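This report refers to the structure that appears directly beneath it.
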Amino acid sequence: VNNADVVSSTGSMIVISNRLPFVLQRKKDGSLVRKASAGGLVTAVAPVVINGNGFWVGWPGIHLDNPNEPIPESDPDDISPTTGLKSDKVIVVQIDPVIFDSYYNGCCNATFWPLFHSMPDRANFKREHWKNYVTANKEFAECTLRALRQLPRKNANEVPLIWVHDYHLMLAANWIRQYAEDEGIPCKLGFFLHIPFPPWDIFRLFPWSDEILQGMLACDMIGFHITDYCLNFVDCCQRNLGCRVDRKNLLVEHGGRTVRVRPLPIGIPFERFVELAEKAPKLLSTNQQIILGVDRLDYTKGLVHRLLAFEKLLEKFPEHLEKVSLLQISVPSRTDVKEYQELKEEMDQLVGRINGRFTTPNWSPIRYIYGSLSQNELAAFYRDAAVGLVTPLRDGMNLVAKEFVACQINIPPGVLIVSPFAGAGETMHEALICNPYEIDDASEIIHRALTMPEDERILRMNYLRRREKLNDVNYWTKSFLSAMGSLQTQDDHDEVG
Ligand code: G6P
């Protein structure tokens, strides 16, 4: 899918994100290769960067001892959207491994991640990590300036767009704005947060919360998935910094500027998932109903609660014994962080206990995969599952819920269950809504999904699919560019010729 056909920016764009849209790997012979990421964000945003001759600034997934080592071009057989992103358009951020570990595993993943997901008891607040977060953000900002200096501009009026992504880089805009002003280079700055923004009472637990807000407010526009997160942010700006705010129009005054805040719910490459589902082989046996869970192995995803709800289902509704299985795919994630290692242990034990309790010679209730799947396998599971179980305790959006409905091309379709504490739960109204904390209720909702009449399933799934098809990831990119005043319209195309 070439998003450049659909969306393009009026000028050049620099994207800055913790991860580049590919990782670098070292082969046995010592040479480097690129491995493209398959995420929807990359699919939608990379073509816009490429089309405008822009840059992508980020971390390549490994530490390079020699900072001047050339970055390879992508493999010519690679058909990913980043193929056209030439190595001279990529700025690889190099940070000392000790500082990087403290910034990424420490401040990002052991402080901001739990805090922003409203789980403050899991967060640790270490001055050292914060110091390294500041250093890392400054380094990303300096790399962005290098890109900005090299950026081609069609004419003197063109103001390039810098798009900063996610909680890893909440301070970077501050320095980018300052350096760009010092050098007299005009630019517009936009930020998008891919995780929730917490309420003030949680946010203020972070000892350096003022600095975070000031860093984000260096942007001209700040996007969040849903209105609740926007309101939390606006509230924090008022209560922490004493900013004048307009809640109705989502505006914050800061440093003599007015910063716009917008809900911009992210979507998925809908048609790509439909195509995958159309082509994927049949992988699941048809004599059982499959309840499917697909998640990074993360404590925010509510996996322990999910297994307990499934156990309760088997206890309360024995008619499902030998007829229903839970297929849980848990993708390894952030394995250097203690909380993630502990969750892995807990899940292994729980799966073993529940399977030990119910397994018969011909059936196991839980099939547990700890690993990653190919896109084809994933699409096959999404398509043939009877129930998609998306029950995070807290989640910025949750794209699994959207990928599941995109792949539901069978008639009659399956049923989506989603938590109200995910951004997706706010917008996917025809899903069954399930509070994952209430295990008894959750088990009854799963039973309801498994026994739902066909016509109700069809009706619900039709609405869900229609919405996701319209609001796909291209639409999201377009909305962001439009909110930044950087969307190239058809008229602009005509002018350019
Ligand atoms: C979330 C974040 C992303 C992050 C991803 C995977 O979706 O919003 O920014 O890339 O998790 O986490 P990782 O730590 O492996 O990058």
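The values are calculated or read from the model by the stated rules, or taken from the named source; none is laboratory data. All of these numbers come straight from a predicted model, not from anything done at the bench. Cβ placement follows ideal geometry from the backbone for every residue including glycine, while neighbour counts extend to all protein chains displayed. These area figures cover heavy atoms from the full protein model, side chains too; ligands, DNA and RNA do not enter into them. Shrake-Rupley method; radii C 1.70, N 1.55, O 1.52, S 1.80 Å.
Side notes on the structure shown:
- In straight-distance terms, cross-link reach from Lys188 covers every one of the aspartates and glutamates whose alpha-carbon lies under 20 Å from its own, apart from those fewer than eight places away in the same chain; here that gives Glu139, Glu142, Glu158, Asp166, Asp220, Glu253, Asp492.
- Applying 1/(1 + (r/R0)^6) with R0 = 41 Å to the Cβ-Cβ distance of Glu211 and Asp348 gives a FRET efficiency near 0.55.
- Residues Thr360 and Leu251, FRET efficiency given R0 of 45 Å [Cβ-Cβ distance, rounded to 0.05]: 0.15
- Long pairs among Lys248/Lys469; Lys86/Lys154; Lys301/Lys338; Lys35/Lys86; Lys35/Lys469, criterion Cα-Cα beyond 25 Å: Lys248/Lys469; Lys35/Lys469
- Label-point separation, Glu315 to Thr135 (7 Å along Cα→Cβ), nm: 5.0
- The slack in the chain from Asp29 to Gln150, taken as 0.36 nm per residue of separation less the alpha-carbon distance, amounts to 40.3 nm.
- Gained length - Asp96 relative to Asn53, 0.36 nm times residue gap less alpha-carbon distance: 12.6 nm
- Cα-based reach from Lys323 at 20 Å (exclusive), listing lysines while leaving out same-chain residues under 8 positions away: Lys282, Lys312
- With a Förster radius of 60 Å applied to the beta-carbon distance between Glu142 and Thr286, the computed FRET efficiency rounds to 0.60.
- Share of carbon and sulfur in the accessible heavy-atom surface of the chain [1.4 Å probe, %]: 49
- Applied to region 145-160, the Karplus parametrisation 6.51 cos²θ - 1.76 cosθ + 1.60 on θ = phi - 60° returns per-residue 3J(HN,Hα) values of 4, 4, 5, 4, 5, 8, 5, x, 10, 5, 8, 5, 7, 6, 10, x Hz, with x for Gly and Pro.
- Were the residues from Ile79 through Arg204 laid out at 0.36 nm apart, the gain over their Cα-Cα distance would be 40.5 nm.
- Per-residue 3J(HN,Hα) values for region 204-217, derived from phi via the Karplus relation 6.51 cos²θ - 1.76 cosθ + 1.60 with θ = phi - 60°, read 6, 5, 6, x, 10, 5, 4, 4, 4, 4, 4, x, 5, 6 Hz in sequence order (x marks Gly and Pro).
- Accessible area per residue for region 8-86 is 44 Å², calculated with a 1.4 Å probe on protein heavy atoms, without ligands, DNA or RNA.
- The DSSP beta bridges internal to the chain are antiparallel in roughly 20% of cases.
- Between 0 and 90°, nearest 10: helix 227-241 axis offset from the chain longest Cα axis: 50
- Here the peptides 100-113, 55-68 are ranked by packing, the mean other Cβ count within 10 Å, and the order with the highest first is 100-113, 55-68.
- Dipole of region 375-497, positive direction: furthest Cα of Ala483, Asn435, Ala380, with charges on the beta-carbon: Ala380
- Our coupling estimate for region 96-103, obtained by passing each phi through the Karplus curve with A = 6.51, B = -1.76, C = 1.60 and θ = phi - 60°, is 3, x, 5, 5, 4, 4, 5, 5 Hz, Gly and Pro reported as x.
- Computed helical MRE - 222 nm, the chain, DSSP H runs ≥ 4 contributing -39500 (n - 2.57), nearest 500: -12000 deg cm²/dmol
- Lys/Arg +1, Asp/Glu -1 at C-beta; the chain dipole; positive extreme among Gly356, Ser74, Gln288: Gly356
- Helix axis angle, 473-483 relative to the chain longest principal axis, alpha carbon, degrees: 40
- Distance between the 7 Å Cα→Cβ label points at Asn376 and Asn66: 3.8 nm.
- Angle between the chain longest axis and helix 454-470 axis [Cα atoms, degrees, rounded to 10]: 10
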